[in-house]
Amino acid sequence: MKNALLRLLGRLQLLRPTFRAYESAKALTATRATAVAPDGLPLPPPALIVRVAGEADEAWFLEGGRLAAGGIRDSLERAGRPLETLDSMLDFGCGCGRVVRQWANLHGPAVAGSDHDERAVAWCVENLPFARFEVNGLAPPLAFEDESFDLVYALSVLTHLTEELQTIWLRELRRVVRPGGFLLLTTHGESYLERLDAEERARFEHGEIVVRWEEVAGTNLCTTFHPPDAVRRGLAEGLEEVEFVPEGAAGNPHQDLFLFRKP
């Protein structure tokens, strides 16, 4: 019933506004005791938290960001490049700063974020002044020069884009990573097989990327599932795989974590 309704809304070109209205309704259920989080930084409004986390749960928004930052740090340390040794890093798909806020007291790299949600970026600019923020479109380019970053991470970003958009964004992310720099990605891998119907599962097991609701790419409703080899051999072409950790994306439960190096 749910999928039939979504298909009808898609045919009527009402899927995106309907989903945005659904997100706004979820934000109205939030209750807030304070506008400042325990880390001393302001909390984003519930509407922005819902767009990032799918729920208006402030505690999970903060804890998920903390876990995600720890996962990034751990992956870079295993690669022999602690975060503090970097000159610069970019959170691609930063939203309203779920992870970026974790770098407020990080000594070393300059921090930047980019997202296609103008409201989220405006909130970050106003409330997280230790980092630089830019707006990007649903498709490239980014507002950064070639080879600007030692690390670019994209947490649960490819998971909400069409395969075409993923391909051109990976090309763009390679452009802004310095030689020897890193690209960290998280994806919906084999742990999500139970969510696929029989036809989708057959395609996934055949090595195909499976995308649902392509017409609302860039929202949480658009959901993409990645066989690991489709990431390695397709999207990450021209990059060296440093590590692959199934279900290793702390802060984005059960997603796979890839760390690649630009030659």
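The gain in end-to-end length when the Asp197 to Glu247 segment is fully stretched comes to 15.9 nm, 0.36 nm per residue minus the alpha carbon separation. Among the chymotrypsin sites (Phe, Trp or Tyr not before Pro) in the range 49-147, those placed in a DSSP loop whose Cβ has at most 14 other Cβ atoms within 10 Å are Phe130. Computed 3J(HN,Hα) for the range 86-96, one whole-Hz value per residue from the Karplus formula 6.51 cos²θ - 1.76 cosθ + 1.60 where θ = phi - 60°, is 7, 8, 7, 8, 10, 8, 8, x, 6, x, 9, glycine and proline marked x. Taking the Cα centre of the chain as origin and assigning +1 to Lys and Arg Cβ atoms and -1 to Asp and Glu Cβ atoms, the resulting dipole is close to 520 debye. When +1 charges are put on Lys and Arg Cβ atoms and -1 charges on Asp and Glu Cβ atoms, the dipole computed for the range 26-180 relative to its Cα centre reaches about 200 debye.
Size estimate for the range 75-174 follows the Kirkwood approach: the inverse of mean 1/r over distinct Cα pairs works out to 13.9 Å.
Please work out which option in (i) 52, 47, 29; (ii) 46, 41, 36; (iii) 55, 41, 41 gives Cα extents along the principal axes in Å calculated from these coordinates, and answer with its label. Derived directly from the coordinates: (i). A Cα-only calculation for the range 88-240 places Rg and Dmax at 15.9, 49 Å.
The distance between label points at Thr167 and Thr85 comes to 3.6 nm (points 7 Å beyond Cα on the Cα→Cβ vector). Need the C-alpha centroid separation for the range 159-188 versus the range 238-263, integer Å. For the range 159-188 versus the range 238-263, the Cα centre distance is 12 Å.
Evaluating 6.51 cos²θ - 1.76 cosθ + 1.60 at θ = phi - 60° for every residue in the range 156-162, the Karplus couplings come out as 6, 9, 4, 5, 10, 10, 5 Hz, glycine and proline recorded as x.
A simple charge model with +1 on the Cβ of Lys and Arg, -1 on the Cβ of Asp and Glu and nothing else charged puts the dipole of the range 152-234 at about 580 debye relative to its Cα centre.
With each label modelled as a point 7 angstrom along the Cα→C-beta vector, the Arg119-Arg32 pair spans 1.2 nm.
Modelled spin-label separation between Phe130 and Ala104, with each label point placed 7 Å from Cα along the Cα-to-Cβ direction: 0.7 nm.
Every number in this text was worked out from the coordinates using simple rules, so none of it is lab data. This structure is a prediction, so every number in the text was calculated from the model and none was measured. Using ideal geometry, Cβ is built from the backbone for each residue, glycine included, and neighbour counts are taken over all protein chains shown.
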